[in-house]
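Right, one structure below, let's go through it.
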Amino acid sequence: MEQVLDQVLDIVIIGSGPAGMAAGIYAKRAGLSSIIIEKTGICGGQVLSTYEVDNYPGLPMKSGFELSEEFRMHAERLGVTVKAATVGKITEQENLKLVVTDEGDFLTRTVIVATGADHAHLGVPGEEELAGMGVSYCATCDGAFFRGRTVAVIGGGDVAVEDAIFLARGCEKVYLIHRRDELRAAKILQDALMKLPNVEILWDSQLKEIHGEDQVDEILVYNKKTQQTDSLSVSGVFMAVGTIPNTALVKGMVEMDEKGYIVADETCATSVCGIYAAGDVRTKHLRQIITAAADGANAVTAIEQYLLTI
């Protein structure tokens, strides 16, 4: 469909996760013309796959779907427009941006890329089947549900070690399973980890299978040096093997780091004037629902200032 809207929008927001929805809400309250474009047609983003959220202030013990519904209903009450479409590309049109989708084209002064990131999966048997039932990709999101229990963390980088340290504060025991014979995490994190009495590192080891009926209760771990497979009784498995940012849309257009995240600070401004990155898609220390929502607010605030200059 080839259609360019007669109206020039102030903001096109790509993605309807917490960052995109917060941006839509803030844009509407600021009196800026905007639209949220969501390729799946279902608002929420990655949070939709979260079994339970207990760290978003004021809305405890919500399922990811319920929290997403709260965001959507808030946006709808304000009159935020959400369109189901897939963005093909963004092009420059003098000092404007043309957002090309399979449902029409949108001319806009600014763009907020809020396309998020996907957790890397290992693809081992039981991982998908038990996701949200003991298999987690966010220790700070789900760790509180495993207090006093035994869990495993998979990985050897900063995130894996940070997760193991975090979980050790409340769990009876934490296994850190790493495929190499040394960790890749920062030395200061390694030093903190080694001091914890309830953490056991399984070197040269790989997660092979996850077992359980309605909840994780066992994992199989293969040691590459001994070539032996052992069974461990655990209640939770925390995957910390990386995330994959959804940045293909703007690859080669804006500056990215070596992992593919869009380089942007707290203002969410990218290396290209008029393009902003909000949520998990941008370079940042903590990727959580609350920080994604904060990015949406920061991006719109920065855009308000930017629009005064053009």
Does Lys83 satisfy the criteria of being touching an Asp or Glu at 6+ places or on another chain (Cβ under 8 Å) and assigned by TED's automatic domain parsing to the domain that holds Gly279?
-> yes
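In the range 166-181, how many are assigned to a loop (DSSP other than H, G, I, E, B) and either surrounded by 23 or more Cβ atoms within 10 Å (Cβ to Cβ) or in contact (Cβ under 8 Å) with a residue 12 or more places away in the chain (or both)?
So the answer is 7.
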Which one of these does Thr150 not meet: (1) buried (at least 20 other Cβ atoms within 10 Å of the Cβ); (2) of a type outside the set (D, E, K, R); (3) in contact with a Cys (Cβ under 8 Å, 6 or more places away or on another chain)?
-> (1)
Can you pull out the residues in the range 219-255 that are of a type in the set (S, T, N, Q), in a strand (DSSP E or B) and surrounded by fewer than 17 Cβ atoms within 10 Å (Cβ to Cβ)?
-> Asn223, Gln228, Thr229, Ser231
Is one or more of the residues making up the range 262-281 surrounded by fewer than 18 Cβ atoms within 10 Å (Cβ to Cβ), among the aliphatic types (A, V, I, L, M) and closer than 30 Å to Arg149 by Cβ?
-> no
Return yes or no: is Asp163 in a strand (DSSP E or B), in contact with a helix residue (DSSP H, G or I) (Cβ under 8 Å, 6 or more places away or on another chain) and of a type outside the set (A, V, I, L, M, F, W, C)?
-> no
Filtering the range 262-290 down to residues that are outside any loop (DSSP other than H, G, I, E, B) and more than 21 Å from Gln305 (Cβ to Cβ) yields Asp280, Val281, Ile289, Ile290
Got a sec? Which of Ala302, Ala292 is crowded, with 16+ Cβ neighbours inside 10 Å, assigned by TED's automatic domain parsing to the domain that holds Val99 and either touching a residue at least 60 places away in the same chain (Cβ under 8 Å) or under 25 Å from Glu127 (Cα atoms) (or both)?
-> Ala292
How many residues does the range 121-136 contain that are closer than 15 Å to Val53 by Cα and either free of Cβ contacts under 8 Å to residues at least 12 places away in the same chain or buried (at least 21 other Cβ atoms within 10 Å of the Cβ) (or both)?
-> 3
May I ask you to list the residues in the range 182-195 that are surrounded by 15 or more Cβ atoms within 10 Å (Cβ to Cβ) and not in a helix (DSSP H, G or I)?
-> Leu183, Ala185
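The values are calculated or read from the model by the stated rules, or taken from the named source; none is laboratory data. Just so it is clear, the structure is predicted and the values come from calculations on it, not from any experiment. Don't worry about glycine lacking a Cβ; one is built from the backbone with ideal geometry, like all the others, and counts go over all protein chains shown.
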